[in-house]
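To keep things clear, I will list the structure first and then write my remarks on it.
The values are calculated or read from the model by the stated rules, or taken from the named source; none is laboratory data. In this text, all values refer to a predicted model and were calculated from it rather than measured experimentally. When we count neighbours, we look across all protein chains shown, and the Cβ atoms used for this are built from the backbone with ideal geometry, even at glycine.
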Amino acid sequence: MFHIVQAEHCLIIIIIIIIIIIIIIIIIIIIIIIIIIIIIIIIIIIIIIIIIIIIIIIIIIIIIIIIIIIIIIIIIIPIQAIASAPSAPRPTGAEREGSTASFEDASTFSRCCWPRALNSLNTEMVSQMYQLYRAWSCPGSGVRAVMLTGAGGKAFCAGGDVKAVAQQVAAGQQQQAMAFFQAEYLTDAAISQLVLPHISLLDGITMGGGAGISMHGHFRVATERTLFAMPECAIGLFPDVGMMALLPHLAGELGAYLALTGARLTGLQVKQAGLATHFIPSSHLPQIKQQLQQAGAAAADLAHVNNILTNIEAAAAKEQGAGVVAALQAEAAEPDWTKEALQQLQRGSPLSAAVTLEYYRRSRAGSLRLGDFAEGVRARLVDKDDQPRWKHASAEQVPGELVQQFFKPRRQQDVSSYMMH
């Protein structure tokens, strides 16, 4: 009996031991599984961290590449353009003479001029000017001030080459015609945004596009040879080049008078109207360049440049006081200007007059798509018969809906098709 009980106890102990061993094995297996899971999680976390690091490195590399590209586009290329501008080859041959702009670069200022009939502008010239004005706007360009002059003769700039533009419009080459205006307007905008002192010497005819490249700058110097006008209505267009942002700010309705009639202002009148900032006789203009060169770094200061121009103006006025009085007396003795203004208005395109008046009121941009433009250029500049066949007999006959069409927003694809690249 004792042996049976003892055997049962031994069996129980063995079973308990076996159970304990099984439990220990299970615990060990669970621990191993947990450890394996932890290891797998750690590996996954490490892989994720590595992937994130790789992505960050790639992003940093992309950002660095973008920054390098931006630096090249904004700084290096414009600086190279400046460096290459003075050495740009001048046109040669009868056909190419005056077809491009030429630029004289100096440490204190840059001077632009373009040898062409009455210094008129074409697409190539204004495109080149636009690129240079962009370059001069960049820090480190080395240019301290910009002085804009004509290439001599009787004109500062007689405007754009509207004959060529009219021929393109008549031939259905609308995009080529618009390319000129696009480049011209971009140049005018670049001049208006230029931080450097910008001095335009209006020593001669200054009309249309010539006003655009000068009136948006800081300083406009008129001389006794200055002849200013915005004659676009006479050729079936309207005053553009941003002048409708300036003309409404002239005294009274002078801006509307100039825009609608194409009336001409001369000499002192240009300053008195507020279009020129200074009046300096042409014989004193070389002093401007000389004093800008002597100014050194101070030539980049607007106040200093203004002092230079004001002092030269005052000295010249003192020297030529009697001549100035005589000029004013001669201007006062001119015939009745109201009759001449009425004649100019009657000779111009009625549609252009209606659109110009609305444009003047709105002081906002318009459109080239004026049906009278090609006819106006033909009558005034090509055949010179001064007998344009306008689409409307008078401004009163121009439908109001037609005028409003010129002020409707353009479709984006229409605008983008004319953008310069």
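Which pairs do you get when a residue that is under 23 Å from Ala190 (Cα atoms), found in the stretch 236-259, comes within reach of a residue that is among the polar types (S, T, N, Q) and outside any helix (DSSP H, G or I), reach meaning Cβ atoms under 7 angstrom, with the pair 6+ apart or on two chains?
Met244/Ser363; Ala245/Ser363; Pro248/Ser363
Can you find a residue that is exposed (fewer than 10 other Cβ atoms within 10 Å of the Cβ) and either modelled with pLDDT under 90 or more than 30 Å from Gly140 (Cα to Cα) (or both) anywhere in the stretch 50-57? Spell out how you get there, then give the answer.
Applying the first criterion (exposed (fewer than 10 other Cβ atoms within 10 Å of the Cβ)) to the stretch 50-57 yields none.
No, there is no match, as no residue in the stretch 50-57 is exposed (fewer than 10 other Cβ atoms within 10 Å of the Cβ) and either modelled with pLDDT under 90 or more than 30 Å from Gly140 (Cα to Cα) (or both).
From Ala164, Ala190, which residue is closer than 18 Å to Met129 by Cα, surrounded by fewer than 24 Cβ atoms within 10 Å (Cβ to Cβ) and in the same structural domain as Leu227 (by the TED database)?
Answer to the check: Ala190.
Suppose the filter is loosely packed, with under 10 Cβ neighbours inside 10 Å and at pLDDT below 90; does Gly98 pass it?
So Gly98 fails the test.
Looking at the stretch 123-207, what strands (runs of 3 or more DSSP E) fall wholly within it and have at least 1 residues that are touching a Cys at 6+ places or on another chain (Cβ under 7 Å) and more than 23 Å from Leu258 (Cβ to Cβ)? Give the derivation first.
Details: elements: 145-148, 155-157, 198-202, 205-207.
Output list is empty.
Results for (1) among the hydrophobic types (A, V, I, L, M, F, W, C); (2) at pLDDT below 80, shown as yes or no for each residue.
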| residue | (1), (2) |
| --- | --- |
| Ala298 | yes, no |
| Leu309 | yes, no |
| Ala315 | yes, no |
| Glu331 | no, yes |
| Leu342 | yes, yes |
| Val355 | yes, yes |
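Of (1) surrounded by fewer than 24 Cβ atoms within 10 Å (Cβ to Cβ); (2) under 20 Å from the mean Cα position of the chain (by Cα); (3) not β-branched (Val, Ile, Thr), Asp203 satisfies all except one. Which?
Of everything listed in (1) surrounded by fewer than 24 Cβ atoms within 10 Å (Cβ to Cβ); (2) under 20 Å from the mean Cα position of the chain (by Cα); (3) not β-branched (Val, Ile, Thr), Asp203 misses just condition (2).
Please specify each residue of the stretch 208-221 satisfying the condition of being in contact (Cβ under 8 Å) with a residue 40 or more places away in the chain, of a type outside the set (S, T, N, Q) and part of a loop (DSSP other than H, G, I, E, B).
Those that are in contact (Cβ under 8 Å) with a residue 40 or more places away in the chain, of a type outside the set (S, T, N, Q) and part of a loop (DSSP other than H, G, I, E, B): Gly208, Ile213, Met215, Gly217, His218.
For Tyr185, indicate whether it is within 30 Å of Ala295 (Cα to Cα) and either touching a strand residue (DSSP E or B) at 6+ places or on another chain (Cβ under 7 Å) or aromatic (Phe, Trp, Tyr) (or both).
Taking the combined requirement at face value, the residue does not satisfy it.
Within the stretch 222-240, does at least one residue satisfy the condition of being of a type in the set (A, V, I, L, M, F, W, C), in contact with a Leu (Cβ under 8 Å, 6 or more places away or on another chain), part of a helix (DSSP H, G or I) and at pLDDT below 90?
yes
Out of all the residues in the stretch 173-182, is one or more free of Cβ contacts under 8 Å to residues at least 12 places away in the same chain and small (Gly, Ala, Ser)?
Among the residues of the stretch 173-182, not one is free of Cβ contacts under 8 Å to residues at least 12 places away in the same chain and small (Gly, Ala, Ser), which makes the answer no.
What are the residues in the stretch 272-296 that are at pLDDT 90 or above and either more than 15 Å from Ile312 (Cα to Cα) or not in a helix (DSSP H, G or I) (or both), if any?
Of everything in the stretch 272-296, those that are at pLDDT 90 or above and either more than 15 Å from Ile312 (Cα to Cα) or not in a helix (DSSP H, G or I) (or both) turn out to be Gln272, Ala273, Gly274, Leu275, Ala276, Thr277, His278, Phe279, Ile280, Pro281.
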